[in-house]
Each structure stands twice: as C-alpha cells, then as structure tokens.
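Asker: My questions all concern the structure below.
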Amino acid sequence: MARKCLLEGQKIAVRRVGGGRLRMVQFKLNGRVFEAIEQNREKPRRWGKLAREKHQVVQFRDVETHKYVAVSVDGEVREYGK
C-alpha cells in the first residue's frame, strides 16, 4: 500500500521513482500540476551535498514545462529565477 501525505486537506499518494527509489508526489497548485521530488543524495552538487548532510531537500518541477521551479531545504522554499 502506498503511503500518503496531506496537502491542503487532500490526501496524495507518495510514489517511489528512479533508480534511487526517491519519493515523489504530484499535486495541483493554481491550476498547474507540479511534482515534489526528494533530492538524490548521490548527486555531487550543492543539493546532493545538503541531502547527504541529513537536510531534507525537495525539488519542485512543473509537469507541463519539465522545468524545476523551486527547491525546499528543511521546509524553507526558494523559487528559482526570483
């Protein structure tokens, strides 16, 4: 049975994706669909390094454009390009 998370009163299924079996949820916000994807700890760059240091890092991707739009580190969200 898939685990679920609660987002604004909606229960959303948490799936495992990728070779590393990273957690991912798909949700709607302001009429657009986004994916929240757990950061791969094996990646050598900044976000992977933070994940290896036991920080909770989540990347947010716009499903329509396939572009990453934000990152959350320990619950603090930063939008890209702003």
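Asker: Under a cut-off of 14 Å between alpha-carbon atoms, report the aspartates and glutamates in cross-link reach of LYS49, not counting same-chain residues fewer than 8 places apart.
Answerer: Answer for LYS49, where 14 Å is the Cα cut-off: GLU38, ASP74, listed by chain and number.
Asker: Need the full-extension length gain, LEU6 to LYS82, defined as separation in residues times 0.36 nm minus the C-alpha distance. One decimal, nm. Display every interim value, and only then the final one.
Answerer: Numbers: separation 76, 0.36 × 76 = 27.36 nm, distance 2.73 nm.
Result: 24.6 nm gained on full extension.
Asker: Percent of Cα-Cα pairs more than 18 Å apart in the stretch 38-82, please. Before the final figure, lay out the partial values.
Answerer: Details: 265 of 990 pairs.
The proportion of pairs with Cα distances above 18 Å equals 27 percent.
Asker: Once the dipole of the chain is set up with Lys and Arg at +1 and Asp and Glu at -1 on Cβ about the Cα centre, which of GLN56, ASN30, GLN10 lies farthest towards its positive end?
Answerer: Most positive-ward Cα: GLN56.
Asker: Lysines near LYS67 by alpha-carbon distance under 20 Å, same-chain residues fewer than 8 away left out - which ones?
Answerer: Those lysines meeting the cut-off are LYS28, LYS43, LYS82.
Every number in this text was worked out from the coordinates using simple rules, so none of it is lab data. Predicted model, so just to flag it, every value in this text is computed and none were measured. Don't worry about glycine lacking a Cβ; one is built from the backbone with ideal geometry, like all the others, and counts go over all protein chains shown.
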